[in-house]
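Everything below concerns the one structure shown next.
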Amino acid sequence: DRQTLVAVLQFLRRSNLRESEEILRREARLLGEDLGAAALSPAAAGPPGAASGDGDGGGRAEQARDSVLFCSGCLTLAVTNAFAVGGGVVVEDQPDVSAVLSAYNQQGDPTLYEEYYSGLKNFIECSLDCHRAELSQLFYPLFVHMYLELVYNQHESEAKSFFERFHGDQECYYQDDLRVLSSLTKKEHMKGNETMLDFRTSKFVLRISRDSYQLLKRHLQEKQNNQIWNIVQEHLYIDIFDGMPRSKQQIDAMVGSLAGEAKREANKAKVFFGLLKEPEFDVPLDDEDEEGENEEGKPKKKKPKRDSVGSKSKKQDPNAPPQNRIPLPELKDSDKLDKVMNMKEAARRVRLGPECLPSICFYTFLNAYQGLTAVDITDDSSMIVGGFADSTVRVWSVTPKKLRSVKAAADLNLIDKESDDVLERIMDEKTASELKILYGHSGPVYGTSFSPDRNYLLSCSEDGTVRLWSLQTFTCLVGYKGHNYPVWDTQFSPYGYYFVSGGHDRVARLWATDHYQPLRIFAGHLADVTCTRFHPNSNYIATGSADRTVRLWDVLNGNCVRIFTGHKGPIHSLAFSPNGRFLATGATDGRVLLWDIGHGLMVGELKGHTDTIYALRFSRDGEILASGSMDNTVRLWDAVKAFEDLETDDFTTATGHINLPENSQDLLLGTYMTKSTPVIHLHFTRRNLLLAAGAYSSQ
């Protein structure tokens, strides 16, 4: 792209890097030309790279050009590194606020902005139906950038009138963003505003068919509408695809996030979504065998009877990651024992389906004036924990077995370590109670998570820390400090040892219980990370954010391998299907969206809730998806039907032409109201009884 070259050459000349300039001139065959003249060639000569064969070639060339034109001295890394040897060019990783804003120094005639915008609006509204839906996506990002440009160049009255005239035309799901925007009325306001900076630095992504794009380009060039064309080139990333334009319904399903849609490239990486092989050991079958376990708690080796229960097919799942892709903790004897119990329970599990819905047992927290902010239930459903706004963490036993602490060190010395019931003897009966309160946080507790072996509990808080508690002594073992702001969610890996946290600082962090520093930092969201979830194989982590996107991260290398857009509000719940193939997400928009992880596609939308969805859970076999919401209901959905006959052919994957069924009501199996209790947690027991939890609100 010629303009980019010229800009780079001028930069080299200003920096006295003559040799580099000569080399680049020779490469680019621009030997005898005068740079000054070349630089003045009109920008409207056509979009850099727009006509290239590849769908997003236009975007790539635009990106290269952008970074040169307005990083004011910090060139694209590739260019800088090539010449850094010559004259020590400073590379800044983070875009500097003033550098970023200076891109708005375009001096168009402020009085004509309304005319430009309404001209484009009329053109789009009068274009053919098939193009209108696609081109309408331009309204919002153009509106924001034109408004910001007016404000930055201190045309305050024009900016105000522009905002008042056109803000009502924007889609309803941008209302919150527009509210923030309306408060930016002076150049000074823009300096410290994060939302504003995000919008400026991350290009707004639009996915448009080649025909619609050519139509737009022709219109803007005929009208000599350079102001809008400049914005399109500099601030938008247009992902062009060949084929039929998408319908309004298809576009609406996918848009709505802070930075537009995800580029198609973002969802191309291979994801190992299969499950890891279960370790093999024999399972005693009958109840009589329960006494037959020897002292160490290991099950006796027995000749397996007809197909030992729960033993999964021994073949490796073709989509599974290599067994040792990330190091996982060894199974302890107690873990093996627990697995045996789990398999026995599974043998008695109820097969759910449209004809056989689960019973639901609801735990209501009464008189929770401390404000219940988080709940978790152990995998074996023996304990429940609540995190509260008064900074306490409270653990209850939900079985007749009371919670007991280990005896003090002096008393432990007296115990015969060889005795059969040593594990019983170390417990102090005097401490037995149904409830234990854990003190340590200095702010509301927003997330809690039990370890799979039930020895530990995690809690995260507004105070910026994640704490690890022992459930043997009911004391705090570690405070993990890394987030500087409130931590909204934390969760243990299904294998224990690792855990993830996400917070107001827009990043998720991966930790191991024995390291006080995070092992990985997952950065990329444009707003708070509101919820986190491990994939069942523990190789991936999903994060939901207030930027209205869901991202899937690879634990091995920290890369973002999927970006899912489509929610119209902050995301508050995530659930992976037990087979690892699908992800369900719930948000403040009251919709549950279903995603095929392998293909990186939205495959379903469940409508019915009227308020934020705070809880999602698949049944143990994955037949039913339960969702719990602030609208005081639990809804059950037919997951088998939702995921059958999916169209995931190459064309759909390539263009994102998704066809969601019109009506999700035929997937709804039941709606269960509480009196006045928002549902904030759901859990299926090992036998598929559904447990729900929330705090009664008297309003």
> Among 252-265, 624-637, how do they line up from the highest to the lowest mean number of other beta-carbon atoms within 10 Å?
Replying inline: 624-637, 252-265
>> Please compute one quarter of the surface area of the Cα convex hull for the range 108-261 and express it in square nanometres.
In response: 8.4 nm²
>> So for each of 413-420, 594-601, 161-168, 215-222 I average, over its residues, the number of other beta carbons within 10 Å; can you give me the resulting order with the highest mean first?
In response: 594-601, 215-222, 161-168, 413-420
>> What does the charge count around Tyr117 come to, taking other residues whose C-beta lies under 15 Å from its C-beta (Lys +1, Arg +1, Asp -1, Glu -1)?
In response: -4
>> What distance in nm separates the two pseudo spin-label positions at Leu337 and Tyr516, each 7 Å out from Cα along the beta-carbon direction?
In response: 3.3 nm
> What list of ³J(HN,Hα) values in whole Hz, one per residue of the range 618-628 in order, does the Karplus curve 6.51 cos²θ - 1.76 cosθ + 1.60 (θ = phi - 60°) give from phi, with Gly and Pro shown as x?
Replying inline: 8, 5, 4, 9, x, 7, 10, 10, 9, 10, x
>> Please list, in order, the residues from the range 482-522 whose amide nitrogen is less than 19 Å from a point placed 7 Å along the Cα→Cβ vector of Gln472.
In response: 496-498, 513-515
> Which FRET efficiency, nearest 0.05, do Ser183 and Thr111 yield, Cβ-Cβ r, R0 30 Å?
Replying inline: 0.80
> Modelled label-to-label distance, Ser382 and Val406, 7 Å Cα→beta-carbon offset: nm?
Replying inline: 1.6 nm
>> Suppose each label sits 7 Å from its Cα in the direction of the beta carbon; what would the Arg325-Gln175 distance come out to in nanometres?
In response: 4.2 nm
>> List the residues, sorted by chain then number, that are 5 or more residues from Asp489 or on another chain and whose placed amide H is less than 5 Å from its amide H.
In response: Gly502
>> Sort Tyr696, Tyr173, Tyr439, Tyr495 by heavy-atom solvent-accessible area, probe 1.4 angstrom, most to least.
In response: Tyr439, Tyr696, Tyr495, Tyr173
> Which FRET efficiency, nearest 0.05, do Tyr485 and Thr399 yield, Cβ-Cβ r, R0 35 Å?
Replying inline: 0.40
>> Between Phe362 and Lys641, what's the calculated FRET efficiency when r is the beta-carbon distance and R0 is 30 Å? Round to 0.05.
In response: 0.70
>> Quick check: net charge around Ala368, other residues with Cβ under 15 Å of its Cβ, Lys/Arg +1 and Asp/Glu -1?
In response: +1
> Taking K and R as +1 and D and E as -1, what net charge do the other residues with C-beta under 14 Å from the C-beta of Phe272 add up to?
Replying inline: +3
>> Students often check this: by mean Cβ neighbours within 10 Å, which of 202-209, 581-588 ranks highest, and how do the rest follow?
In response: 581-588, 202-209
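The values are calculated or read from the model by the stated rules, or taken from the named source; none is laboratory data. Since the structure is predicted, the reported quantities are computational estimates derived from the model, not experimental observations. Reconstructed Cβ throughout: ideal geometry from the backbone, glycine too, with neighbour counts over all protein chains shown. All accessible areas refer to the heavy atoms of the entire protein, side chains included, with ligands and DNA or RNA removed. Shrake-Rupley method; radii C 1.70, N 1.55, O 1.52, S 1.80 Å.
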